[in-house]
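Notes for the one structure printed next.
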């Protein structure tokens, strides 16, 4: 089967996780993605948590792999004139150039849109930043914890009450969300470039992507500018839209409209008496007594484990979900059924599981095409493809322009 982007070549100069994750998506969609790394390599290499396994896999960089799989790597000294020539030669044969370089570095390395359009007038030039390219914080450096979660209001919205502690996000949540937005922008720009024959400049940022993920809140907050924070369990509007612990310490979460769900919910947890309780007759009554209902529901659910309750909730037709731990998701039968954790092969590590991009095609080859590249693994091959002969390549190695 053909892949959607198997005729597209991407040149990326980026590091860490947000922009590289977009490159990984494009590679999974079939694009030929060329990762240009500094001579020291992407600083994300060897920076993630190692898997708690024995053998060769114990030292494999799975976190780097998930954002860089299926790519080719070339190591180039961008500060040298010869290095700039190499990148220009690669871009001349590419459809997309993507980076997370600050404006001054794009200009310093001759990678700004105006320069690259002189080399390839129909190129898509895509930039990912922390906060955008205009305004008082234009081009300000940012990571997902600062730009995505902090500046966007997400951290504040997730803490319970005005004085609740600020939570900490798991690694790269904001990066990968922004990577999806970056990919969408790039593909739309590619479509426009193909239609018009003109180069396109496209961008997104961690900050604006985070605000979009909270658009449901901001639809109102942008109007009234009122504070919004996570409600404690005994402050939730509906007992049927809340989270509760079960007898084994594992949690479940519900999200159901009360009018139709309240009687079914009461029967399922063995509290049919609440259905006829005049104190709990209307939703507003139950809201006023939430401080009593939550501990009572906790007490009812403490009688069985999460899995035992799950069968009961399903039979009752409740809309609920288990609050799974990360390691439980990795063995979830539903994850297996939809191919969330496909298997890749590395000659040194052997077979290992990775994480699928959140899209599937019925009749196209979409998915990981191979492991992440070793630093500069494809340098010679890519130089030859870009038109450099063996003598020129040897000279570039000798001068330390490439590695």
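Worth a mention:
- Boolean, residue 392 is out of contact with any strand residue (DSSP E or B) (no Cβ under 7 Å at 6 or more places or on another chain), surrounded by 12 or more Cβ atoms within 10 Å (Cβ to Cβ) and in the same structural domain as residue 182 (by TED's automatic domain parsing): yes
- At least 2 residues being out of contact with any helix residue (DSSP H, G or I) (no Cβ under 9 Å at 6 or more places or on another chain), modelled with pLDDT under 95 and farther than 29 Å from residue 368 by Cα is the threshold, and among the strands (runs of 3 or more DSSP E) wholly inside region 51-158 not one reaches it.
- Of the strands (runs of 3 or more DSSP E) lying entirely inside region 307-387, those carrying at least 1 residues that are touching a strand residue (DSSP E or B) at 6+ places or on another chain (Cβ under 9 Å) and under 18 Å from residue 27 (Cβ atoms) are 343-346, 350-353.
- Filtered residues of region 260-284 (kept if surrounded by 14 or more Cβ atoms within 10 Å (Cβ to Cβ) and closer than 22 Å to residue 231 by Cα): 261, 262, 265, 280, 283
- Verdict on residue 303 being assigned to a loop (DSSP other than H, G, I, E, B), assigned by TED's automatic domain parsing to the domain that holds residue 29 and at pLDDT 90 or above: no
- Only residues that are over 15 Å from residue 100 (Cα atoms) and not in a helix (DSSP H, G or I) were counted across region 1-33, and they come to 14.
- Some residue of region 188-199 being in the same structural domain as residue 98 (by TED's automatic domain parsing), surrounded by 15 or more Cβ atoms within 10 Å (Cβ to Cβ) and not in a helix (DSSP H, G or I): yes
- Total residues in region 242-258 satisfying the condition of being touching a helix residue (DSSP H, G or I) at 6+ places or on another chain (Cβ under 8 Å) and in a loop (DSSP other than H, G, I, E, B): the figure is 6.
- Some residue of region 274-292 being touching a residue at least 24 places away in the same chain (Cβ under 8 Å) and in a loop (DSSP other than H, G, I, E, B): no
- The single condition among (1) at pLDDT 90 or above; (2) in the same structural domain as residue 45 (by TED's automatic domain parsing); (3) under 22 Å from the mean Cα position of the chain (by Cα) that residue 332 does not satisfy is (2).
- Qualifying residues in region 127-169 (those that are free of Cβ contacts under 8 Å to residues at least 60 places away in the same chain and under 14 Å from the mean Cα position of the chain (by Cα)) - the one farthest from residue 11 (Cα to Cα): 169
- On inspection, residue 228 passes the criterion of being farther than 22 Å from residue 322 by Cβ, within 25 Å of the chain's Cα centre (by Cα) and either surrounded by fewer than 14 Cβ atoms within 10 Å (Cβ to Cβ) or outside the structural domain of residue 166 (by TED's automatic domain parsing) (or both).
The values are calculated or read from the model by the stated rules, or taken from the named source; none is laboratory data. No experiment lies behind these values; they were computed from the predicted model shown. A quick note on method: Cβ atoms are made from the backbone with ideal geometry, for glycine too, and the neighbour counts reach across all protein chains shown.
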